[in-house]
Amino acid sequence: MFRKTMIFGASLVVAAAGWMATESALANSPAPGKRHITIAAVEPKGGVTVDQELFPATVPAGGGYVLKKPDASGRWEVSAYRWDPNQIIVNEGDDVTLEIVGINGAMHPGMIEGYNVAFEVKRGHVTMVNFKADKPGVFRITCHSHGPSMMGELIVMKR
Ligand SMILES: [Cu+2]
């Protein structure tokens with residue numbers, strides 16, 4: 001009986017510690033700070049020959065999806081331009097720096113909608129984008145040349 005009580009008591013302590021950790025995380029959202037996030041402009045690619053998989057008729061328009069017709073050996077390729085990562089989460093009030101490197105694609109004319117922050121990313125170059133996250137909400141990060149696949153989200157959590 002004593003042993004059972006001890007185990008039960010220990011479980012209660014563990015449960016209480018877990019509850020307190022959750023409560024304190026919710027109660028103390030971090031003070032506004034500096035955030036530095038690295039993003040890459042990339043183009044993942046896949047390919048196969050027509051004897052294994054049929055060549056698809058189309059991909060969505062906009063420049064973000066690229067479909068290469070079968071070559072002499074019957075191999076076709078598909079790729080999509082992307083921001084990687086494509087979801088950026090910060091807290092309201094943060095000073096944000098996005099360090100964006102161009103890996104694939106000659107140039108990406110980008111925009112954070114709602115914040116009216118425009119930028120250009122060139123292959124082999126690093127573009128620094130600085131702004132204060134003073135408006136909570138979800139804002140699209142677009143590339144004018146590679147829609148709809150090169151679309152990310154800036155999520156600014158309300159303080
Ligand atoms: Cu682009």
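Return the residue satisfying two criteria in turn: it lies in region 29-59 and is of a type in the set (Ser, Thr, Tyr) and over 30 Å from Gly93 (Cβ atoms), and of such residues it is farthest from the chain's Cα centre (by Cα). Before the answer, list the steps.
Applying the first criterion (of a type in the set (Ser, Thr, Tyr)) to region 29-59 yields 29, 38, 49, 58.
In the following step, the residues that additionally are over 30 Å from Gly93 (Cβ atoms) were identified as 49, 58.
Numbers: Thr49: 31, Thr58: 26 Å.
Applying the filter and picking the extreme gives Thr49.
What pairs come out if I take residues in region 140-151 that are in contact (Cβ under 8 Å) with a residue 12 or more places away in the chain and pair them with residues that are more than 10 Å from the ligand (Cβ to nearest atom) and among the β-branched types (Val, Ile, Thr) whose C-beta lies under 8 Å away, six or more apart or interchain?
These pairs meet every condition: Arg140/Ile112; Ile141/Ile88; Ile141/Ile112; Met151/Ile141.
Identify, please: which residue in region 56-67 is of a type outside the set (S, T, N, Q) and farther than 17 Å from Val42 by Cα and is, among those, modelled with the lowest pLDDT?
Ala57
Restricting to region 103-117, give me the number of residues that are over 17 Å from Glu92 (Cα atoms) and surrounded by 13 or more Cβ atoms within 10 Å (Cβ to Cβ).
7
Tell me, which residue of region 59-75 that is within 16 Å of the ligand (Cβ to nearest atom) and in a strand (DSSP E or B) is surrounded by the most Cβ atoms within 10 Å (Cβ to Cβ)?
Among residues in region 59-75 that are within 16 Å of the ligand (Cβ to nearest atom) and in a strand (DSSP E or B), the one surrounded by the most Cβ atoms within 10 Å (Cβ to Cβ) is Tyr65.
Can you find a residue in region 13-32 that is exposed (fewer than 11 other Cβ atoms within 10 Å of the Cβ), modelled with pLDDT of 95 or more and not in a helix (DSSP H, G or I)? Can you show your working first?
First pass over region 13-32, keeping only residues exposed (fewer than 11 other Cβ atoms within 10 Å of the Cβ): 13-28, 30-31.
Next, from what is left, pick out any that are modelled with pLDDT of 95 or more: none.
Looking for residues that are exposed (fewer than 11 other Cβ atoms within 10 Å of the Cβ), modelled with pLDDT of 95 or more and not in a helix (DSSP H, G or I), one finds none in region 13-32, hence no.
Does any residue in region 28-55 that is in contact (Cβ under 8 Å) with a residue 40 or more places away in the chain come within less than 7 Å, Cβ to Cβ, of a residue that is of a type in the set (Lys, Arg) six or more places away or on a different chain, and which pairs are these?
Hits for this filter: Ser29/Arg159; Val42/Arg82.
So if I check each of Val121, Val156, Val78, which one is closer than 27 Å to Pro30 by Cβ and part of a strand (DSSP E or B)?
Answer to the check: Val156.
From the residues in region 76-113 that are among the small types (Gly, Ala, Ser) and touching a residue at least 40 places away in the same chain (Cβ under 8 Å), which one is farthest from the ligand (Cβ to nearest atom)?
Here is the first cut: in region 76-113, the ones among the small types (Gly, Ala, Ser) are 79-80, 93, 102, 105-106, 110.
Filter once more, keeping what is touching a residue at least 40 places away in the same chain (Cβ under 8 Å): 80, 93, 102, 105.
On the way: Ala80: 10, Gly93: 30, Gly102: 9, Gly105: 5 Å.
That would be Gly93.
Looking at the structure I just gave you, is Asp84 within 20 Å of Ser149 (Cα to Cα) and among the charged types (D, E, K, R)?
It is true that Asp84 is within 20 Å of Ser149 (Cα to Cα) and among the charged types (D, E, K, R).
The values are calculated or read from the model by the stated rules, or taken from the named source; none is laboratory data. Since the model is a prediction, treat every value here as computed from it, not as a measurement. Virtual Cβ from ideal backbone geometry, glycine too; neighbours counted across all protein chains shown.
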